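Novice: Once you've had a glance at the structure underneath, I'll fire off some questions.
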Amino acid sequence: MELTNENVLGKLIAQFGEENIRDAYNPDGIMTFTTNRENIIALIQYLYDDKDLQVQFLTTMAGIHFPDHKGMELCMMYQLHSLRHNFRLRIKVFTPAEDPILPTLTNIYATANWMEREAYDFYGFIFTGHPNLIRILNIEEMEYHPMLKQYPLEDQTREDKIDTYFGR
Amino acid sequence: MATDNKTADTDQLQEFRDNRDLKLQDKKNENLTTLNLGPTHPATHGIFQNILQMDGEVIMDAVPTIGYIHRAFEKIAERRPFYQITPLTDRMNYCSSPINNMGYHMTVEKLLGIEIPKRAQYIRVIMMELARISDHLICNSILGVDSGAFTGFLYVMQEREHIYDIYEEVCGARLTTNMGRIGGMERDLSPKALHLIGEFLKRFPKVWAEFEKMLTRNRIFIDRTVGVGAISAERALNYGFTGPNLRATGVDYDVRVMNPYSSYEDFEFEIPVGEKGDTYDRFLVRNEEVWQSLKIIEQAYKNLPEGSYHADAPHYYLPPKQEVYTSMEALIYHFKIVMGEIDAPKGEVYHSVEGGNGELGFYLISDGGRTPYRLHFRRPCFIYYQAYTEMIKGGQLADAILTLSSLNVIAGELDA
Amino acid sequence: MTLSERMYLPAIAQGLGITLKHFFKKKATINYPEETRSRSEIWRGLHVLKRDENGAERCTACGLCAVACPAEAITMTAGERKKGEEHLYREEKYAVTYEINMLRCIFCGLCEEACPKAAIFLQDDKLAPARYERDEFIYGKDRLVEPLKTTETK
Amino acid sequence: MVEAPEGHSGAGFFATSFEKVIGLARANSLWPLPFATSCCGIEFMATMGSTYDISRFGSERPSFSPRQADILLVMGTIAKKMGPVVKQVYEQMAEPRWVVAVGACATSGGIFDSYSVLQGIDRVVPVDVYVPGCPPRPEQILDGLMRVQDLAKNESLRRRHSPEYQALLASYNIK
Amino acid sequence: MTESLFFFFASLTLLCAVMVVISKNPVYSVIFLILTFFTISAHYILLNAQFLAAVNIIVYAGAIMVLFLFVLMFINTGKNMEDTMKKNVLAKIAGTVAGGLLFTVVVAALKDVTLGHPDPATFNSQVGMVENLGKVLFTKYMLPFQLVAVLFLVSMVGAVMIGKREAGEQNF
Amino acid sequence: MDSVVLIYKGIYILAIFGISLLIATYSTYFERKIAAFIQDRVGPNRAGPMGLLQPLADAGKLFFKEEFIPAKANKTLFILGPGIAMLVAAMSSAVIPFGDTLILGETSFDLIAIDVNIGILYIFGVVSLGVYGLMIGGWASNNKFSLLGAIRAASQNISYELAMGLSLIAVLMLSGSLSLKVIAEQQAGFNWNIWYQPLGFLIFLICAFAETNRTPFDLPESEAELIGGYHTEYSSMKLGMYLFAEYINIFVVSAVMATLYFGAYNFPFMENLRNAFDDPVLGNNVVTILGVVVMFAKIFAFIFFFMWVRWTLPRFRYDQLMKLGWNILIPLAILNILLTGGGILLYEYFTKG
């Protein structure tokens, strides 16, 4: 079967229902859609197991923060790849900022382990069932999740900079 | 689904920590010694730590810690205009910075919808393959150093100097090249650069053949590497391996072939694959890739098309200096581009290139501002380094070190 | 492994042969302080603030270089040119102070590219030298502006 | 053995020329501890390579054990997570010891003006020589090494016991 | 000259031997034991038995004691062990009995010792040389020599059997 | 022994000691130079003319570096370690014949410090003690890398001593003597043992590499794995003594190899040369002095070989090293003994019977 964005989407909607596969579009040729956290693991497992699709490679996971997107501030992006069919797709899951809880993907993809730790480190996502959810890149004592938009980039102790010309 | 507890951030974290401590206590066997490999161990090229549980010289368990040179690339990228991110990407995989530069440029070009002329694409291919050679060169010769053969390293390092000479002629720097611009190259290949590339193509095969001769069939080296740090294709895919490390397990996944970019479809080359996914296979795959890269450079060098070296995109590509000094229109564009006042289109782009270590992906979200809204790097090192623990278990200390060098983990890319 | 590879010695002898060949080869070393390796003409070395043909400073303190600098290493204050200073400054505005923090600087060349007046250049024949104190790396105009004698532009 | 015998300090010519000789010896035998974390480490490889050949200065024996090293070459970004490690390595080094901060990141943080990067290693250990560049050319690294040689040549044997030096260390909370 | 050397080495031997027993740190004990072997070798040299002296050093100091030290390095210097030993009554009794036995043996052995002097007329100063030793071993003492060799072989095989690793067990 | 000979002997012993120290010192220089030349570099050239003062600079620096004893280390043993290493290394050159008999006026004088009839056993014994320096130092440092290095050193040295001893036995069967002097004399002219014992020499050579902890057997101090191995915690001159001891060992082992297999001070046509002189005393002395030169040339050739190999080969892994020692070298050495024995029997059968 030739995999196209349309027929894969149709297949997924048929499997999981219209309400769970939403907002599908192709920004850069890669099919992108949104699902919710109840279905994400089942969806990825389905994509993994399905004989026609064989989406068996997790390319990357990335957290995104939309502070203006009230109620759905945090977004987790999963990008998957079917090496057999050279077909990529991108799945997004939104969660509220005060409740950033997602199920872990480590049972399907071993590589999700550190990606999830990174997402926890950067955005504060909590992955239930993750074997070792601690900060990965920053020091354990850090008190905030630095990639959230409200936190400044700079080290506040820097002295040798004059801000006149930068306007940042 | 865990929607019941509001936010158990601290509680859950505490729980995780307790669990981890318990696990560590279980492992605290009287007969095991704990060895702290890193963060400043000589064989960790770059900085990461592994706490090893050893039974004599055999590694029973390892706990990796990374983040010792975490530099917050992704955060910085959110605060910098598009063109200022190029120097950042240089410093990610510093062994092959042109690939990072150009991968990033292609991502932005995809977002902006710019078409790049053939000549610029060919120049990019030459530079990217040179970068791949210099990356593999370091990796394989460092493998030699860690197994005790220092001399081969210095032989190929001399060739790397010549690659740097070419970079220097193209962009004016050796390592952190900041090469190319969004929309093409910064400048055309100078005659001297072309000459240097030609020289390199003539001289390098001999040096590389000599290096191979020193190690490839030496029994001491074979004994040290065969079967060491092996990983099966299935596990490797599950761990998200890409690039030479995946190909050593026998999977012929290569972004250059699967999703060709920058005219890679014009060139003829093979994807070398290994069988067992051990250190020796990784060594051979990288060796062979160097030969293939040479082949690609040769083709690109011979068939270098005429034409412009940058896209005709006045909104994004800086006008030539001479025009800036004389023409008002060019000056205005110049100001706008440098001040970052030209809005990028809204959108979401993923683009990947075959980096020195595998699929180097850039996931870019633009909200139309002067900076990316979110720029996520898919860093191959970060993704596959977590398999290291599994790969060294049951092996000896010396094996662990060779496995580490043959994986070619670049700390800058690992920690980002 | 073939039998001869199994025996260790042939491969070892081959390796020894290669290293012995190099023993008598011409050495690749460049004796640095005495000899220097030639650098490309577009090498991005130490900055210089150029003067024009008449010896007036080209910089007009537009601040583009500071904005373009990813390391934020450039600071300047602009001033209005007064009457009688035309031979000193080419444009009506000029940089009263212009400082580059050479420790911050990553020599990426974006400032040179951003300059609309061809005022700042990264020269290929000079490198930022190593020094003992931190303060010595704030290069002010006294060290950046090209001396008056050599006015021809590169 | 570090302390020169008591009689020498007052004995004019002999003592000074003796110090000169030892200074010369030290200057020509600076064993580096390459604390290479990132890009500058790759340039240090080039410095060790045949073209630049750091061995001409007698410094080609990299001693990864801090006890045996004379100069700590910090090359590359030092994150806040790494800061204590740098300090520990410095503390483990035996006198006389010098620190060279190589490259923009180690000297000042460079472009990584972010929450996780230490803005210059002189916040944790005293630095003797700064080498600018990102990364510096091997020539510049050699230049930095020669600056250290100058320091070593002109340093009195007992400088390391001087109150100024002790105060410097104390200001960094070392020992 | 020879006599004073003898007394010097003899007292040194005894001193070192005592130190082996009373050193608290087992590594020191091993080092003193090595010194003891050295002084004993010195005695052999005084007796013109150079071969024995050399073999004594090669085999005992050079190989066996290295293994001793090797094992000791793995074991923590054993402070707890010392404490338990001191408190254990059984150990004390065993020590007393063993010491008493040793004393008895020494007394019994020394009971009818007569200090003999070699007859200068028949004394062959070359008796300890390698050639003579070899000749004696392969002629007069042929059978015991071969038996000892077989015994060693058997014990070696035994040691290998005991030390052989079980399948799945990892040692180095 | 009259007093003149005693004085000569004293001078000679001092000279040998001085020469071995000097050679060890300059071995570091040559090591660096040879490494540099092999690697297309020029090596140290800024300390003195051609960098000739480099070893002095290193020594000067090491002497005046801070003495450092780690807090958790065992202080006595920590200091004892390098001392033993150095002492043992320096002791072993005593029985090596560096030349034939020199006739000075009335007295004839052998160029050997002590001519004991068990010379080879003496060397063997002393070398086997060298490992204590490494072990004690590595253990006393109280550092895991050092301990691992010490353990590797101990097991490696014991294992390779066996093969070394067995390979020697074949030589002893040929010569029928344990005295190095006698062995040297038997190889007069071009009658070197290497022609009869190529296999034995190969085994001995490999074991020599292992005993001196040189690549490809430098596991106790392998940089990539153990940082510095047993000397990780050592600074200043204590480190210097370890490094020194290693080079003295190389020197001694080279001398032993030259003596046992390459005819010591003997060189082809030495008899012709001796007879070419009218004055027998002068002839003898010229040949003897030439012999000393030849001996040292052989030693230097071996030292060069050691360094050449070091900068060419990768190193073994621990278990492979053990396998090579026990499974390959020892059986080969026993085979060599059998072959030699058979050869001797056949020779005697055909010549005498």
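Novice: Can you say whether F:L22 is open to solvent by 20 Å² or more (accessible area, probe 1.4 Å) and out of contact with any Pro (no Cβ under 9 Å at 6 or more places or on another chain), as far as the supplied structure shows? Give the derivation first.
Specialist: On the way: open to solvent by 20 Å² or more (accessible area, probe 1.4 Å): yes; out of contact with any Pro (no Cβ under 9 Å at 6 or more places or on another chain): yes.
Here the answer is yes, as F:L22 does meet what is asked.
Novice: I'd like the full set of residues that are assigned to a helix (DSSP H, G or I) and under 16 Å from the mean Cα position of the chain (by Cα), limited to region D:26-46. Can you show your working first?
Specialist: Pass one, region D:26-46, residues assigned to a helix (DSSP H, G or I): D:26-27, D:39-46.
Residues satisfying the conditions are D:R26, D:A27, D:C40, D:G41, D:F44.
Novice: Please work out if D:V100 is β-branched (V, I, T), facing chain C (nearest Cβ under 10 Å), crowded, with 24+ Cβ neighbours inside 10 Å and under 18 Å from D:Q149 (Cβ atoms).
Specialist: Values: β-branched (V, I, T): yes; facing chain C (nearest Cβ under 10 Å): yes; crowded, with 24+ Cβ neighbours inside 10 Å: yes; under 18 Å from D:Q149 (Cβ atoms): yes.
Judged against the criteria, D:V100 is a match.
Novice: Same structure, new question: Could you tell me how many of the residues in region A:41-60 are at the interface with chain B (Cβ under 9 Å from one of its Cβ atoms) and out of contact with any Ser or Thr (no Cβ under 6 Å at 6 or more places or on another chain)?
Specialist: Going through region A:41-60, the residues at the interface with chain B (Cβ under 9 Å from one of its Cβ atoms) turn out to be A:56-60.
Filter again for out of contact with any Ser or Thr (no Cβ under 6 Å at 6 or more places or on another chain), leaving A:56-57, A:59-60.
Result for region A:41-60: 4.
Novice: Then there's this: What's the number of the condition F:V292 fails, among (1) open to solvent by 30 Å² or more (accessible area, probe 1.4 Å); (2) more than 26 Å from F:S93 (Cα to Cα); (3) in a helix (DSSP H, G or I)?
Specialist: Against the list (1) open to solvent by 30 Å² or more (accessible area, probe 1.4 Å); (2) more than 26 Å from F:S93 (Cα to Cα); (3) in a helix (DSSP H, G or I), F:V292 comes up short only on (2).
Novice: Across region F:51-80, what is the number of residues that are outside any loop (DSSP other than H, G, I, E, B) and within 11 Å of another protein chain (Cβ to nearest Cβ)?
Specialist: Restricting attention to region F:51-80, the residues satisfying the condition of being outside any loop (DSSP other than H, G, I, E, B) are F:51, F:54-63, F:75-80.
Filter again for within 11 Å of another protein chain (Cβ to nearest Cβ), leaving F:51, F:54-63, F:76-77, F:80.
Count: 14.
Novice: Quick check on this structure: which one of F:G200, F:G283, F:G240 is in a helix (DSSP H, G or I), within 14 Å of chain D (Cβ to nearest Cβ) and either without any contact (Cβ under 8 Å) to a residue 40 or more places away in the chain or small (G, A, S) (or both)?
Specialist: So the residue among F:G200, F:G283, F:G240 that is in a helix (DSSP H, G or I), within 14 Å of chain D (Cβ to nearest Cβ) and either without any contact (Cβ under 8 Å) to a residue 40 or more places away in the chain or small (G, A, S) (or both) is F:G240.
Novice: Does D:A94 satisfy the condition of being surrounded by 24 or more Cβ atoms within 10 Å (Cβ to Cβ) and within 8 Å of another protein chain (Cβ to nearest Cβ)? Please lay out each step first, then the result.
Specialist: Values: surrounded by 24 or more Cβ atoms within 10 Å (Cβ to Cβ): no; within 8 Å of another protein chain (Cβ to nearest Cβ): yes.
Considered against the rule, which asks whether it is surrounded by 24 or more Cβ atoms within 10 Å (Cβ to Cβ) and within 8 Å of another protein chain (Cβ to nearest Cβ), D:A94 comes out as no.
Novice: Could I ask something else about it? All but one of (1) open to solvent by 70 Å² or more (accessible area, probe 1.4 Å); (2) touching a residue at least 12 places away in the same chain (Cβ under 8 Å) hold for E:T13; state the number of the condition that does not hold.
Specialist: (1)
Novice: Test each condition in (1) assigned to a helix (DSSP H, G or I); (2) within 30 Å of B:N36 (Cβ to Cβ); (3) not small (G, A, S) for F:I183 and report the one that comes out false.
Specialist: Checking F:I183 against (1) assigned to a helix (DSSP H, G or I); (2) within 30 Å of B:N36 (Cβ to Cβ); (3) not small (G, A, S), the one that fails is (2).
Novice: Quick check on this structure: which one of D:V117, D:V129, D:V125 is more than 11 Å from chain C (Cβ to nearest Cβ), in contact with a Gly (Cβ under 8 Å, 6 or more places away or on another chain) and either open to solvent by 20 Å² or more (accessible area, probe 1.4 Å) or more than 15 Å from D:A46 (Cβ to Cβ) (or both)? Reasoning before the result, please.
Specialist: Values: D:V129 fails: more than 11 Å from chain C (Cβ to nearest Cβ); D:V125 fails: in contact with a Gly (Cβ under 8 Å, 6 or more places away or on another chain).
Among D:V117, D:V129, D:V125, only D:V117 is more than 11 Å from chain C (Cβ to nearest Cβ), in contact with a Gly (Cβ under 8 Å, 6 or more places away or on another chain) and either open to solvent by 20 Å² or more (accessible area, probe 1.4 Å) or more than 15 Å from D:A46 (Cβ to Cβ) (or both).
Novice: Within region B:335-350, count every residue that is open to solvent by 20 Å² or more (accessible area, probe 1.4 Å) and either in contact with a strand residue (DSSP E or B) (Cβ under 6 Å, 6 or more places away or on another chain) or outside any helix (DSSP H, G or I) (or both).
Specialist: Matching residues across region B:335-350 total 6.
Novice: Strands (runs of 3 or more DSSP E) wholly in region C:21-106 with at least 3 residues that are open to solvent by 10 Å² or more (accessible area, probe 1.4 Å) - which ones?
Specialist: In region C:21-106, the matching strands (runs of 3 or more DSSP E) lie at C:74-80, C:93-101.
Novice: Just wondering, is there one or more residues in region C:44-57 that are of a type outside the set (G, A, S) and within 10 Å of chain B (Cβ to nearest Cβ)?
Specialist: First, the residues of region C:44-57 that are of a type outside the set (G, A, S): C:44, C:46-54, C:57.
Pick out the ones that are also within 10 Å of chain B (Cβ to nearest Cβ) and you get C:44.
Looking for residues that are of a type outside the set (G, A, S) and within 10 Å of chain B (Cβ to nearest Cβ), one finds at least one in region C:44-57, hence yes.
Novice: Same structure again: Looking only at region A:95-117, count how many residues are in a helix (DSSP H, G or I) and either touching a Cys at 6+ places or on another chain (Cβ under 6 Å) or open to solvent by less than 10 Å² (accessible area, probe 1.4 Å) (or both).
Specialist: Summing the residues that are in a helix (DSSP H, G or I) and either touching a Cys at 6+ places or on another chain (Cβ under 6 Å) or open to solvent by less than 10 Å² (accessible area, probe 1.4 Å) (or both) in region A:95-117 gives 3.
Novice: Name the one entry in C:A119, C:A128 that is within 14 Å of chain D (Cβ to nearest Cβ), touching a Cys at 6+ places or on another chain (Cβ under 9 Å) and either open to solvent by 10 Å² or more (accessible area, probe 1.4 Å) or in contact (Cβ under 8 Å) with a residue 24 or more places away in the chain (or both).
Specialist: Values: C:A119 fails: within 14 Å of chain D (Cβ to nearest Cβ).
From the options C:A119, C:A128, the qualifying one is C:A128.
Novice: Ok, one more. Report, by residue number, each residue of region B:162-207 that is part of a loop (DSSP other than H, G, I, E, B), open to solvent by 20 Å² or more (accessible area, probe 1.4 Å) and among the basic types (K, R).
Specialist: Correct list: B:R187 only.
Novice: Please state which one of B:I383, B:I337, B:I392, B:I332 is closer than 30 Å to F:R152 by Cβ and not acidic (D, E).
Specialist: On the way: B:I383 fails: closer than 30 Å to F:R152 by Cβ; B:I337 fails: closer than 30 Å to F:R152 by Cβ; B:I332 fails: closer than 30 Å to F:R152 by Cβ.
After applying the criteria, what remains is B:I392.
Novice: In addition: Scan region C:70-97 and report the pairs whose first residue is within 14 Å of chain B (Cβ to nearest Cβ) and whose second residue is in a strand (DSSP E or B), with Cβ atoms within less than 6 Å and a gap of 6+ or a chain change.
Specialist: If the second residue must be in a strand (DSSP E or B), the pairs left are C:A73/C:I100; C:A73/C:N101; C:I74/C:I100.
Novice: Of (1) in contact (Cβ under 8 Å) with a residue 12 or more places away in the chain; (2) open to solvent by 20 Å² or more (accessible area, probe 1.4 Å); (3) charged (D, E, K, R), A:D49 satisfies all except one. Which?
Specialist: Among (1) in contact (Cβ under 8 Å) with a residue 12 or more places away in the chain; (2) open to solvent by 20 Å² or more (accessible area, probe 1.4 Å); (3) charged (D, E, K, R), the lone unmet condition for A:D49 is (1).
Novice: Moving on. For residues that are part of a helix (DSSP H, G or I) and either surrounded by 24 or more Cβ atoms within 10 Å (Cβ to Cβ) or within 15 Å of the chain's Cα centre (by Cα) (or both), tally how many sit in region B:85-119. Step through it out loud before you land on a result.
Specialist: The first filter runs over region B:85-119 and keeps only residues part of a helix (DSSP H, G or I), leaving B:85-90, B:94-112, B:118-119.
Right, trim to either surrounded by 24 or more Cβ atoms within 10 Å (Cβ to Cβ) or within 15 Å of the chain's Cα centre (by Cα) (or both) and you get B:85-90, B:94-105, B:107-108, B:111.
Residues in region B:85-119 being part of a helix (DSSP H, G or I) and either surrounded by 24 or more Cβ atoms within 10 Å (Cβ to Cβ) or within 15 Å of the chain's Cα centre (by Cα) (or both): 21 in total.
Novice: If you go through region A:68-81 one residue at a time, how many are within 11 Å of chain B (Cβ to nearest Cβ) and open to solvent by 10 Å² or more (accessible area, probe 1.4 Å)?
Specialist: Matching residues across region A:68-81 total 1.
Novice: Enumerate the pairs (first residue in region C:8-27 and at the interface with chain B (Cβ under 7 Å from one of its Cβ atoms); second residue anywhere and surrounded by fewer than 16 Cβ atoms within 10 Å (Cβ to Cβ)) with beta-carbon separation below 7 Å, excluding pairs fewer than 6 apart on the same chain, so at least 6 apart or on different chains.
Specialist: As it stands, the answer is C:A11/C:E5; C:I18/B:E210, since those pairs meet every condition given.
Novice: What tally of residues in region A:14-29 results from selecting those that are over 20 Å from the mean Cα position of the chain (by Cα) and open to solvent by less than 50 Å² (accessible area, probe 1.4 Å)? Talk me through it step by step, then tell me what you get.
Specialist: In the first step, residues of region A:14-29 are kept if they are over 20 Å from the mean Cα position of the chain (by Cα); the result is A:14-15, A:17-18.
Still in the running and open to solvent by less than 50 Å² (accessible area, probe 1.4 Å): A:17.
Total meeting the criteria: 1.
Novice: Let me ask something else about it. Can you report the number of residues in region B:168-177 which are more than 10 Å from chain D (Cβ to nearest Cβ) and touching a helix residue (DSSP H, G or I) at 6+ places or on another chain (Cβ under 7 Å)?
Specialist: Qualifying residue count, region B:168-177: 3.
Novice: Now a separate question. Could you tell me whether any residue of region E:17-37 is of a type in the set (S, T, N, Q), part of a loop (DSSP other than H, G, I, E, B) and open to solvent by 40 Å² or more (accessible area, probe 1.4 Å)?
Specialist: Within region E:17-37, the subset of a type in the set (S, T, N, Q) is E:23, E:25, E:29, E:36.
Cutting the leftovers down to part of a loop (DSSP other than H, G, I, E, B) gives us E:23, E:25.
Within this subset, residues satisfying the condition of being open to solvent by 40 Å² or more (accessible area, probe 1.4 Å) are none.
Within region E:17-37 (the criterion being of a type in the set (S, T, N, Q), part of a loop (DSSP other than H, G, I, E, B) and open to solvent by 40 Å² or more (accessible area, probe 1.4 Å)), the answer is no, since none of the residues qualifies.
Novice: A follow-up question, please. For region B:211-222, enumerate the residues that are open to solvent by 30 Å² or more (accessible area, probe 1.4 Å) and within 9 Å of chain C (Cβ to nearest Cβ). Can you show your working first?
Specialist: Just the residues of region B:211-222 that are open to solvent by 30 Å² or more (accessible area, probe 1.4 Å), to begin with: B:212-213, B:217, B:219.
B:K213, B:R217, B:R219, listed by residue number.
Novice: Could you run through region B:246-279 and say how many residues are in contact with a helix residue (DSSP H, G or I) (Cβ under 8 Å, 6 or more places away or on another chain) and assigned to a helix (DSSP H, G or I)? Break it down stepwise before answering.
Specialist: Narrowing region B:246-279 to residues in contact with a helix residue (DSSP H, G or I) (Cβ under 8 Å, 6 or more places away or on another chain): B:246-251, B:253-254, B:256-257, B:261-264, B:266-275, B:277-279.
Filter again for assigned to a helix (DSSP H, G or I), leaving B:246-247, B:256-257, B:264, B:266, B:279.
Final tally of qualifying residues: 7.
Novice: Mind checking whether some residue in region A:108-117 is of a type in the set (D, E, K, R) and more than 7 Å from chain B (Cβ to nearest Cβ)? Steps first, answer last, please.
Specialist: Our first condition is that a residue be of a type in the set (D, E, K, R); within region A:108-117, this holds for A:116-117.
After this cut, where a residue has to be more than 7 Å from chain B (Cβ to nearest Cβ) as well, the list is A:116-117.
So far as region A:108-117 goes, yes, one or more of its residues are of a type in the set (D, E, K, R) and more than 7 Å from chain B (Cβ to nearest Cβ).
The values are calculated or read from the model by the stated rules, or taken from the named source; none is laboratory data. Predicted model, so just to flag it, every value in this text is computed and none were measured. Cβ sites come from the backbone with ideal geometry, for glycine too, and all protein chains shown count toward neighbours. These area figures cover heavy atoms from the full protein model, side chains too; ligands, DNA and RNA do not enter into them. Shrake-Rupley method; radii C 1.70, N 1.55, O 1.52, S 1.80 Å.
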